[in-house]
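Asker: Got a structure for you, written out below as structure tokens; questions coming shortly.
FYI, it's all coordinate maths here, none of it is from the lab. If you're wondering where the values come from, they're calculated on a predicted model, not measured in any experiment. Backbone-built Cβ (ideal geometry, glycine too); neighbour counts: all protein chains shown.
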Amino acid sequence: MQTELYINGQWVAPVLGGTLPVIDPATEQVFAHVAAGSAADIDQAVHAARAAFDHGPWPRMPGSERARYLRAFAQAVRDRQDRLAALEVRDNGKPLPEADWDIADAAGCFDFYANLADELARTPEEPIELPDTRFVSKAVREPLGVVGAIIPWNFPFLMAVWKVAPALAAGCTVVLKPSELTPLSALELGAIADEVGLPPGVLNIVNGTGPQTGQPLSEHAGVDKIAFTGSVPTGSRIMAACARDIKTVSLELGGKSPFVIFDDAPLEDAVEWILFGIFWNQGQVCSATSRVLVQQGIYERVLQRLCEESRKIRIGNGMDKGVLLGPIVSRAQYDRILHAIDRARDDGATVASGGRAAPGLDKGYFLEPTVLTDVPLDSAAWTEEIFGPVVCLRPFTDEDEAIRLANDSRFGLAAAVMSTDFERAERVAAAFRAGIVWINCSQPTFTEAPWGGYRQSGIGRELGRWGFDNYLETKQITRFVGQEPWGWYIA
Ligand code: NAD
């Protein structure tokens, strides 16, 4: 397992020689150390990426050639499926079947963007019709440049690939900064880059803390774009850093996503999707449907079934068979969630189920799946992202009230609605102010479909062809073809 920094195609020690401990959240044991970079390492990585972009073959080769590398990445990820999934469980805590999805999705993401790189090679330019026939014009799409990719800990490998795959497909070069809480799996991308013979400097990986590596990366003048996924406060700091030299920035931030359930919804299906919407990945999901609005007529029954099923969820080490709720990623995050539950109680909420450390597990950051009711609309539990296995349930009377409550948030990442009345579901979907809307389900995510939020949930879209456009510039090339001279100055 590689633990050094990956810069310019070499595994190197950090300039200042620092390391970070890697903790298994199920056991609280340090099981590895990785090299931790500083501003000096970021500078070297950016120089390598800059040289690879300005002088190297990567942005100049046809997209179809880059596609071959991306397909080799996809295959190499598949070859490592079991090892990468197990590493992800140990580093992040998630249950193994979920880690398996992440790795399989990551491989699929490389293939998807390989296809778009092929398409770019086939249609590199688009003719533009002009009203003035003395000119012909075309739009050409080109790689944007050097990308700084800064990612969180909740889907460590998949979030890295959501940025690296489209950026490489477009012809950009990348400096990737993983989360200091989950630094291991992203390093495998460096090992794969070696294996597939990626030109040096095209992909660089520098682990380290936010202030010591993320910040210098977002401030570096040699970077053309920052692609960030993480919290709103960090996103705001990054945007300010990018403003100084007008770097392009895309931000995938937090959410407090609503799930509206009408009383014609099948009850058991509703309960299943509520559970999945908030408890997969321990609720550490930006799009988690953490505010559930249930129509009055079925509210009590939904609440009762939700509490019954929550109590049955098997909690434990993500490697153990049958476990559906692993540990929270870190001690700090675990404390934060318990504090948010205590504060909700103080603010008047009722803990209908859960609300404590999981009993019988004396090591590891395990929490009970938690259901809150009577949550005041102005309390932090209702308005702020808890980023843990905590759902707030609230009754509503009619469609207008549901839409008003759903949209009453500074976030706008995702929203879901459940009803057997197709027209009503479509109406509510249209009324949601959110970038991702699910009907009769919650959370399914596809590489083909755009991902991103309204309002404070971010700027720009990842995934699909929208995620590809994130890494491309558009250039117009206009040619004068007039038969007569222009004749403005020289008659
Ligand atoms: P975070 O903002 O604390 O950290 C994210 C990354 O930013 C880490 O790599 C961190 O080291 C780095 N960072 C920290 N300070 C920095 C600085 N000053 N300059 C540059 N980089 C810095 O977020 P987190 O706790 O890792 O992740 C949880 C958050 O991510 C949640 O709010 C969640 O909603 C959000 N998230 C959003 C999406 C999405 O697609 N919208 C996906 C996953 C997570």
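Asker: Estimate the FRET efficiency between THR420 and ARG345 by the formula 1/(1 + (r/R0)^6), using the beta-carbon distance for r and 35 Å for R0, to the nearest 0.05.
Answerer: Plugging the Cβ-Cβ distance into 1/(1 + (r/R0)^6) gives 0.45.
Asker: Still on this structure: Report the calculated FRET efficiency for ARG336 and GLU126 (r = Cβ-Cβ distance, R0 = 45 Å), to the nearest 0.05.
Answerer: According to the calculation, E is roughly 0.40.
Asker: Which GluC sites (Glu not before Pro) in segment 405-468 pass both tests, a DSSP loop state and at most 13 other beta-carbon atoms within 10 Å?
Answerer: Sites meeting the loop and neighbour criteria: GLU448.
Asker: Based on DSSP, what percent of beta bridges with both residues in the chain are antiparallel, to the nearest 5?
Answerer: 45
Asker: Further question on the same structure: Pop out the ³J(HN,Hα) list for segment 416-421 in order, Karplus 6.51 cos²θ - 1.76 cosθ + 1.60 with θ = phi - 60°, rounded to Hz; leave Gly and Pro as x.
Answerer: Once rounded to whole Hz, the list reads 9, 9, 10, 6, 8, 8.
Asker: About its Cα centre, how strong a charge dipole does segment 341-482 have in debye, to the nearest 20, once Lys and Arg get +1 and Asp and Glu get -1 at the Cβ?
Answerer: Its charge dipole is roughly 620 debye.
Asker: Can I ask one more? Can you give the local net charge around ARG433? Use residues other than it whose beta-carbon is closer than 12 angstrom to its beta-carbon, Lys and Arg +1, Asp and Glu -1.
Answerer: Combined, the nearby Lys, Arg, Asp and Glu give +2.
Asker: Of THR123, GLY326, LEU303, whose Cα points farthest to the positive end of the dipole of the chain (charges on the beta-carbon: +1 Lys, Arg; -1 Asp, Glu; origin at the Cα centre)?
Answerer: Going by the charge dipole, the pick is THR123.
Asker: Moving on. Take the alpha carbon atoms of segment 1-43, find their center, do the same for segment 267-289, and report the distance between the two centers in whole angstrom.
Answerer: 34
Asker: Going down the list LYS94/LYS363; LYS177/LYS475; LYS177/LYS225; LYS94/LYS321, which pairs span over 18 Å between their C-alpha atoms?
Answerer: LYS177/LYS475
Asker: Turning to a different aspect of this structure: Under a 5 Å amide H to amide H cut-off, with H placed in plane at 1.01 Å, what residues pair with PHE259 once short-range neighbours are removed?
Answerer: Placed amide hydrogens put ARG291, VAL292, LEU293, ALA416 under 5 Å from PHE259.
Asker: Evaluate the charge dipole of the chain about its Cα centre and quote only its size in Debye, nearest 20, assuming +1 on the Cβ of each Lys and Arg and -1 on the Cβ of each Asp and Glu.
Answerer: 800
Asker: For segment 1-151, build the convex hull from the C-alpha positions and give me its volume per residue in Å³.
Answerer: 159
Asker: May I ask you to work out the translational diffusion coefficient for segment 118-243 at 4 °C, viscosity 1.567 mPa s, via Stokes-Einstein with Rh from the Kirkwood sum over Cα pairs, reported in whole µm²/s?
Answerer: 80
Asker: Starting from a Cα-only point model with no solvent, please compute log10 I(q)/I(0) by Debye for the chain at q = 0.07, 0.11 1/Å.
Answerer: Taken in order of the listed q values, log10 I(q)/I(0) reads -0.40, -0.91.
Asker: In addition: Quick one: 3J(HN,Hα) in Hz for segment 169-174, Karplus 6.51/-1.76/1.60 with θ = phi - 60°, rounded, Gly and Pro as x.
Answerer: My calculation for segment 169-174 gives 4, 6, x, 7, 10, 9 Hz in order.
Asker: Now, a different point. If each residue of separation counts as 0.36 nm, what is the full-extension length gain between ILE313 and SER236 once their alpha-carbon separation is subtracted?
Answerer: 24.1 nm is the gain from fully extending ILE313 to SER236.
Asker: Sort out for me the Cα centre separation of segment 312-352 from segment 103-144, rounded to whole Å.
Answerer: 45
Asker: Could you go through segment 387-399 in sequence order and give the Karplus-derived ³J(HN,Hα) for each residue, using 6.51 cos²θ - 1.76 cosθ + 1.60 with θ = phi - 60°, rounded to whole Hz, and x for Gly and Pro?
Answerer: Running phi through 6.51 cos²θ - 1.76 cosθ + 1.60 with θ = phi - 60° gives 6, x, x, 10, 10, 9, 10, 8, x, 9, 9, 9, 4 Hz.
Asker: Please identify every one of the chymotrypsin sites (Phe, Trp or Tyr not before Pro) in segment 435-473 that sits in a loop by DSSP and has no more than 15 other beta carbons within 10 Å of its own beta carbon.
Answerer: PHE446
Asker: OK, next. Quick check on the exposure proxy: order GLU28, GLU484 from fewest to most C-beta atoms within 10 angstrom.
Answerer: Neighbour counts put them in this order, fewest first: GLU484, GLU28.
Asker: Given H placed 1.01 Å from N in the peptide plane, which residues other than close sequence neighbours of GLU473 have an amide H under 5 Å from its amide H?
Answerer: Amide H to amide H, under 5 Å and 5 or more residues apart or across chains, GLU473 pairs with GLU142, LEU144.
Asker: Now a separate question. Between helix 184-196 and the chain, what is the angle of the helix's C-alpha long axis to the longest principal axis, kept within 0 to 90° and rounded to the nearest 10?
Answerer: 30
Asker: Under 5 Å between amide hydrogens, which residues at least 5 positions from GLN29 or on another chain qualify, with H placed 1.01 Å from N in the peptide plane?
Answerer: So GLN29 has HN proximity to ASP24.
Asker: Kindly provide the helix-only [θ] at 222 nm of the chain, computed as the sum of -39,500 (n - 2.57) over DSSP H runs of four or more divided by all residues, to the nearest 500 deg cm²/dmol?
Answerer: Value at 222 nm, helices only, nearest 500: -12500 deg cm²/dmol.
Asker: At 7 Å along the Cα-to-beta-carbon direction for both ASP245 and VAL481, put a label point, then send me their distance in nm to one decimal.
Answerer: Going by the 7 Å Cα→Cβ label model, 4.0 nm.
Asker: Sticking with this structure for a sec: Just name one of ALA160, PHE262, ALA149: the one whose Cα is farthest towards the positive end of the charge dipole of the chain (beta-carbon charges, Lys/Arg +1, Asp/Glu -1).
Answerer: ALA149
Asker: Modelled label-to-label distance, LEU361 and GLU401, 7 Å Cα→beta-carbon offset: nm?
Answerer: Inter-label distance under the simple model: 3.7 nm.
Asker: Still on this structure: With angles folded into 0 to 90 degrees, how steeply does helix 39-55 sit against the dominant principal axis of the chain? Use alpha carbons for both and round to 10.
Answerer: 50
Asker: Additional query: Of THR397, THR213, how do they rank once you tally other Cβ atoms within 10 Å and put the fewest first?
Answerer: Ascending number of Cβ neighbours within 10 Å: THR397, THR213.
Asker: Express in whole angstrom the spacing between the alpha-carbon centres of segment 452-490 and segment 178-208.
Answerer: 31
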